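The values are calculated or read from the model by the stated rules, or taken from the named source; none is laboratory data. Quantities reported herein were computed from a predicted structural model and do not represent experimental measurements. So basically every Cβ, Gly included, is an ideal-geometry build from the backbone, and we count neighbours across all protein chains shown.
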Amino acid sequence: MLKILIPSMFMLLTTWTSPFKQLWSTILMYSFLVATLSLTWLAMPTDTGWFYINNYMAYDPLSSPLLVLTCWLLPLMIIASQNHLAVEPENRQRTYISLLISLQIFLILAFSATEMIMFYVMFEATLIPTLIIITRWGNQMERLNAGTYFLFYTLAGSLPLLVALLIYHSSMGSLSYLSLTSLPLTCSNLYADKLWWMACLLAFLVKMPLYGVHLWLPKAHVEAPIAGSMVLAAVLLKLGGYGMMRIMIILDPLTKELSYPFIILALWGVIMTGSICLRQTDLKSLIAYSSVSHMGLVAAGILIQTPWGFTGALILMIAHGLTSSALFCLANTNYERTHSRTIILARGLQMVLPLMATWWFLASLANLALPPLPNLMGEIMIITSLFNWSFYTLILTGLGTLITASYSLYMFLLTQRGPIPHHLILLEPSHTREHLLLALHLLPLLLLIAKPELVWGWTA
Amino acid sequence: LLFAMGLGTTITFASSHWLLAWMGLEINTLAILPLMCQSHHPRAVEATIKYFLTQATAAAMLLFASITNAWITGQWNLEFMSYSLPTTLVTVALALKIGLAPLHAWMPEVLQGLDLTTGLILSTWQKLAPFCLLLQINPSNTSLLLILGLASTLVGGWGGLNQNQLRKILAYSSIAHLGWMILVLQFFPSLTLLTLFMYFVMTFSLFISFKVNNSTTINSLSMSWSKTPIISSMVPFILLSLGGLPPLSGFMPKWLILQELTKQSLAPLATLAALSALLSLYFYLRISYAMTLTMSPNTLLNALPWRLPSNQHTLPLAITT
């Protein structure tokens, strides 16, 4: 573990001391090295699962896929940001890269934390680099508003979490994950305990996001620069899911009755946000709402608290991370050429950029959960466990799957097929860098078809 | 003059007799008055007069409380205040002196009238003496302290939302932080000192940064990226630290205070205080937007010298605890 963390910290030093001409290549090679080394985490020889690095950091089958995703994403973010940062002065480029690297360090610490307070501190710490990336390097004026929404929604949810964790600590004595399973809170029907349950979960539900409190997500995703969108969609949302999975252990007796409205809200959100996607004119906004939709399924799966639900949620998180990030990269290729996010201004791309159309096709198919991709595996597992809980959820989830398929296909057809608009005179051919970026996104997804046990979590 | 101020605070520190403590506070007040109206601007003079009136009232109330205590218990010692009436009076008097809500109304206007350095002295040094007294008496009136504390955090947050004058914003931030300090006073006094110290460091850096940019409104901060880029890039961290975001140092006092409050089963209060910190975070965020995260379109016609005097203050703040 330290092999990964210490090099990441020193990557910050490298950013500031490399000669400028070799900055991007050096950082890229360095981060690829770190990402490859992080793949060793996936090897799980023991049965109990927990690997201790020291008293405060450990990883287990739940956190190792997310850790690998985080490490894998850094080189991808660097590849993606190269173009739009090329015009900036040198120090700003270095600052941007430092922000991305510091974000990765915080994420590694968050996913490998053994104490809930450390997880909380790192959870909040990831907000600061993301806020700076969105508000400083975003492209439109609304980015300030987006940053404010992002920060305040997340903080308003997570400050009660801090108080709730402190309450638990003062009554139970320890917040270490390792002992959480043996110290569940006794079932009680006091109103205050229900508030405590709510406080524990609210932060993660806002981060996921759950449908009712999802307002920050489209704003933040749309206004962020490409690396910001990528990391937000791929990893930061998963922090919410991961936290929820960790804290479910101690919330157990209360969750049976209290989670009912949230499961319904999540499922309703799947349908609602899917329908919104069908009417979007803004490409990034479409992908953002599809993120809300998928994470609604994840939230429902986690709240069900069955092994299949957890497994499905984890697989869907990983698969959605890769897919969503790939879609944002594709949207960025459009944006860099037309400087507009409106879909109808960049249609008929299959005629002009056929190789990119392949990637659009694969990413759209992944989004609509085509077999045998892991997206489908996750969705089917969650839908099955929801069906086990109640027959009627099948209506909602079935409808949700239908709408997901239709908007993914809609997005593909609208951008690729049809006549090219007349005003597109100058479109650069696709860069090799962009092809590499998308290949690196979709290749792990395809490889996961072969060995999904890597991301299954505890159920083997 | 500065010597007299230092003398005043030191006398209050070293005193165990109420009369001596009161004298120290009075010397403190009198010494800072000429410093405050140095510029002879009408607003500075007005601020000086307001400050004098409030501090004199507070000192008189303090003297009255200590005489009441002496009348009841027969001794003048600071530590032995066992009756609720004098203790409450002393607490209220000291609250007026440092500017806790609901006795905070003088603070924004007074700070606005001063220039940045004197404002700095007012918000940091002047708080030391009353806090030393507050820590030595044992305030037994729990609900009073909690009301003062919570009201201060809320007022500090809400009041600062509509401001764009930096000194008023700093006044409201001072009120909010003092609220946090008072909340934990009776449970764990060392935390009060910790919060006070952290607040001093952060406010000191902030005041100095504003002084370097010679700016007193948010709008005038927007040019700082060209004058002193390093300070411009560090100030968001100071501001977010004041707002209490982990992993910056400003989170540490908030976290420990919340821990102490939950241990004392005051969890709803803890939640309210934490959420009110969000209010003040909003205007800190606004300042950092103006200063660092956006670039104003005017080009700079003159190159100002790069003075980086307070770099060493900004760096420790950005490091995690």
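Quick rundown of the values:
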| read-out | value |
| --- | --- |
| Total residues in segment A:116-140, condition under 14 Å from B:Leu248 (Cβ atoms), in contact (Cβ under 8 Å) with a residue 24 or more places away in the chain and not acidic (Asp, Glu) | 4 |
| Residue within segment B:95-113 that is touching a Pro at 6+ places or on another chain (Cβ under 8 Å), outside any loop (DSSP other than H, G, I, E, B) and more than 19 Å from B:Ile208 (Cβ to Cβ) present | yes |
| Any chance A:Ala227 is small (Gly, Ala, Ser) and without any contact (Cβ under 8 Å) to a residue 40 or more places away in the chain | no |
| Residues within segment A:403-432 that are touching a helix residue (DSSP H, G or I) at 6+ places or on another chain (Cβ under 9 Å) and surrounded by fewer than 13 Cβ atoms within 10 Å (Cβ to Cβ), tallied | 6 |
| Residue count for segment A:306-350, restricted to those that are in contact with a Lys or Arg (Cβ under 9 Å, 6 or more places away or on another chain) and surrounded by fewer than 18 Cβ atoms within 10 Å (Cβ to Cβ) | 1 |
| Qualifying position, being assigned to a helix (DSSP H, G or I), surrounded by fewer than 24 Cβ atoms within 10 Å (Cβ to Cβ) and not β-branched (Val, Ile, Thr), among A:Lys256, A:Lys238 | A:Lys256 |
| Residue list for segment A:410-450, filter: outside any helix (DSSP H, G or I) and of a type in the set (Val, Ile, Thr) | A:Ile420, A:Ile425 |
| Residue check, A:Ile128 under 21 Å from B:Tyr282 (Cβ atoms), surrounded by fewer than 24 Cβ atoms within 10 Å (Cβ to Cβ), at the interface with chain B (Cβ under 9 Å from one of its Cβ atoms) and at pLDDT 80 or above | yes |
| A:Leu73 being modelled with pLDDT of 85 or more, within 19 Å of A:Phe106 (Cβ to Cβ), among the aliphatic types (A, V, I, L, M) and over 24 Å from the mean Cα position of the chain (by Cα) | no |
| Tabulated pairs, segment B:98-114, first under 17 Å from B:Val45 (Cβ atoms), second surrounded by fewer than 24 Cβ atoms within 10 Å (Cβ to Cβ) and of a type in the set (Val, Ile, Thr), C-beta under 6 angstrom, 6+ apart or interchain | B:Trp106/B:Thr54 |
| Any hit, segment A:101-115, residues being under 26 Å from A:Ser31 (Cβ atoms), β-branched (Val, Ile, Thr) and facing chain B (nearest Cβ under 8 Å) | no |
| Those residues of segment A:408-438 which are closer than 30 Å to A:Val68 by Cα and either touching a residue at least 24 places away in the same chain (Cβ under 8 Å) or touching a strand residue (DSSP E or B) at 6+ places or on another chain (Cβ under 8 Å) (or both), in sequence order | A:Ser408, A:Leu409, A:Met411, A:Phe412, A:Ser430, A:His431, A:Arg433, A:Glu434, A:His435, A:Leu436, A:Leu437, A:Leu438 |
| Selection from segment A:186-215 of residues that are away from chain B (no Cβ under 14 Å) and either farther than 29 Å from A:Leu258 by Cβ or assigned to a helix (DSSP H, G or I) (or both) | A:Leu201, A:Phe204, A:Leu205, A:Lys207, A:Tyr211, A:Gly212, A:Val213 |
| Only listed residue being outside any loop (DSSP other than H, G, I, E, B), free of Cβ contacts under 8 Å to residues at least 60 places away in the same chain and of a type in the set (Gly, Ala, Ser), chosen from A:Ala110, A:Ala156 | A:Ala156 |
| Residue in segment B:68-86 that is hydrophobic (A, V, I, L, M, F, W, C) and within 18 Å of B:Gln163 (Cβ to Cβ) present | no |
| Per-region count, segment B:229-281, residues surrounded by fewer than 24 Cβ atoms within 10 Å (Cβ to Cβ), of a type in the set (Ser, Thr, Tyr) and more than 7 Å from chain A (Cβ to nearest Cβ) | 5 |
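To keep it simple, each residue is scored yes or no on (1) surrounded by 21 or more Cβ atoms within 10 Å (Cβ to Cβ); (2) part of a helix (DSSP H, G or I).
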site	(1), (2)
A:Leu76	yes, yes
A:Val87	no, no
A:Ile97	yes, yes
A:Gly147	yes, yes
A:Phe152	no, yes
